[in-house]
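The values are calculated or read from the model by the stated rules, or taken from the named source; none is laboratory data. For clarity, every value in this text was computed on a predicted model and none was experimentally measured. Cβ atoms come from the backbone with ideal geometry, glycine included; neighbour counts cover every protein chain shown.
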Amino acid sequence: MFQPSVPEKYVRLSDDELAQRIAACKERLGGRVCILGHHYQRDPVIQFADFTGDSLKLSQQAADQDEAEFIVFCGVHFMAESADILSSDRQTVCLPNIQAGCAMADMADASAVTAALEELAELTDAKVVPITYVNSSAADKAITARADGACCTSSNVRNVFQWALQPAGGGGAGADKILAIPDEHLGRNTAAALGFEEKACAVYDPHLPQGGLSAADVEAATFILWKGYCHVHQVFTVEQVDRVRADRPDIRVIVHSECTREVVAAADASGSTSQIIQAISEAQPGSQWAVGTEANLVNRLAQRHTDRFIRLLSDRPATCWQMGKIDLLHLLWVLDGLVAGEIINPVTVPADIAADARIALQRMLDIKAATGLTQ
Ligand code: SF4
């Protein structure tokens, strides 16, 4: 994506000057702007967020801010797309740095997903339904809806998989097989959580003819897992789990479901970002936690709960460098533009794609409501 250069006049400002001017812009724009900060965003940026949360929750909150004409999403590109899809036509979504993408979402290009569904249809007569993580492009979500599938989050993925495998007459999607896009690990961890053995999973590699799968491989699998991953959550290893337990025998290890199967199996608990936050927030004072998720969030949890011992599971940094492309410089540039009546870095999903992507998101929200999930 083309990123126009940030004007020279901003580059020379110190962090304090940037922060002061951002605060002044916010003051001037008042309720006309709503700034969203993803949990993985850095502190200097998150201090200006009106709401913090995961991508879907933030998009829904933004849509509820009727008076906000402008939604400035301090996250990555797919999150801004979801906000645009769920917000009203009179709201404009801006991504301060248009080059802030998600490496995992980019691993499932829409043309590759279309090709995969066609190849799988040639390999099997069974019904293959795509279930697409919200960490994906709007185009992937639209393809998912057209193929009878739904979106999922790491909080509700189990329920969405169960819905997909239920007979169509019983309210499900009637899938014989699920194509889980784009995170291999989330798909495998969810299959395991539903009681399936590893042999029920096959990995589809978009770089290989037919995904590297034979008809027999597809026939044997209930879950076909897209070969994609989050580089942040792949940092964590079983050796790190063993090491923190050797240092502190009473420590509890909690990791994100985007970690590998081995790490999730070795941990005491796993789940989405929201579920990790909830588990630690509800934990006893004095409890000890090693957390396998993005470092900015873990540091914030440690600052918030000083009566608990909280550390990152790894000694190596686990930060989302894509999210880090949103900094004070870019935030001020966009807000200054809005004050001057100029919209910088808008994210607009084409209407036909948005309409279908909304269907995939709505199916997920309906499943969530039907199962009484709160996250
Ligand atoms: S943490 Fe991973 S999944 Fe989340 S935005 Fe960054 S690269 Fe994408």
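Checked against the criterion of being hydrophobic (A, V, I, L, M, F, W, C) and either over 17 Å from the mean Cα position of the chain (by Cα) or over 18 Å from CYS152 (Cα atoms) (or both), the range 76-85 has no qualifying residue.
Looking at LEU56, LEU18, LEU36, just one residue is part of a helix (DSSP H, G or I), surrounded by 15 or more Cβ atoms within 10 Å (Cβ to Cβ) and within 16 Å of the ligand (Cβ to nearest atom), and that residue is LEU56. Being farther than 28 Å from PHE161 by Cα and surrounded by 14 or more Cβ atoms within 10 Å (Cβ to Cβ) narrows it down to one of GLY341, GLY337, so name that one. Unique residue meeting the criteria: GLY337.
Can you list residue pairs whose Cβ atoms sit under 7 Å apart, with the first residue in the range 242-263 being within 30 Å of TRP226 (Cβ to Cβ) and the second being surrounded by fewer than 19 Cβ atoms within 10 Å (Cβ to Cβ) and hydroxyl-bearing (Ser, Thr, Tyr)? Count only pairs 6 or more apart in sequence or on different chains. Close Cβ pairs satisfying both conditions: VAL263/THR237.
Of the listed requirements (1) in contact (Cβ under 8 Å) with a residue 12 or more places away in the chain; (2) acidic (Asp, Glu); (3) not in a helix (DSSP H, G or I), GLU342 misses just one: (1). Residues that are closer than 23 Å to ARG300 by Cα and more than 27 Å from the chain's Cα centre (by Cα) are absent from the range 29-48. Under the condition of being of a type in the set (Val, Ile, Thr), more than 16 Å from the ligand (Cβ to nearest atom) and in a loop (DSSP other than H, G, I, E, B), the residues counted in the range 114-155 number 1. State whether the residues of the range 347-360 include one that is more than 16 Å from the ligand (Cβ to nearest atom) and modelled with pLDDT under 95. Within the range 347-360 (the criterion being more than 16 Å from the ligand (Cβ to nearest atom) and modelled with pLDDT under 95), the answer is no, since none of the residues qualifies. Taking first residues from the range 29-45 that are assigned by TED's automatic domain parsing to the domain that holds ALA19 and partners that are within 13 Å of the ligand (Cβ to nearest atom) and among the β-branched types (Val, Ile, Thr), the Cβ contacts under 7 Å between residues at least 6 apart in sequence or on separate chains come to HIS39/THR273; GLN41/ILE326; VAL45/ILE326. The set of residues in the range 186-231 that are touching a residue at least 60 places away in the same chain (Cβ under 8 Å), assigned to a loop (DSSP other than H, G, I, E, B) and small (Gly, Ala, Ser) comprises SER214, GLY228. From (1) within 24 Å of VAL339 (Cα to Cα); (2) touching a Phe, Trp or Tyr at 6+ places or on another chain (Cβ under 8 Å), pick out the condition that doesn't hold for SER87. Here SER87 meets the rest and fails (2). Right, ARG304: surrounded by fewer than 17 Cβ atoms within 10 Å (Cβ to Cβ) and either closer than 23 Å to PHE196 by Cβ or away from the ligand (no atom under 16 Å from the Cβ) (or both) or not? So ARG304 fits the description; yes. In the range 59-98, what count of residues is obtained for those that are in a strand (DSSP E or B) and in contact with a Leu (Cβ under 8 Å, 6 or more places away or on another chain)? The qualifying residues number 6.
Residues in the range 224-257 that are in contact with a Cys (Cβ under 9 Å, 6 or more places away or on another chain), under 16 Å from SER154 (Cβ atoms) and surrounded by 19 or more Cβ atoms within 10 Å (Cβ to Cβ): LEU225, CYS230, VAL232, HIS233, PHE236, HIS256.
In the range 168-223, which residues are of a type in the set (Asp, Glu) and within 16 Å of the ligand (Cβ to nearest atom)? Residues satisfying the conditions are ASP183, GLU184.
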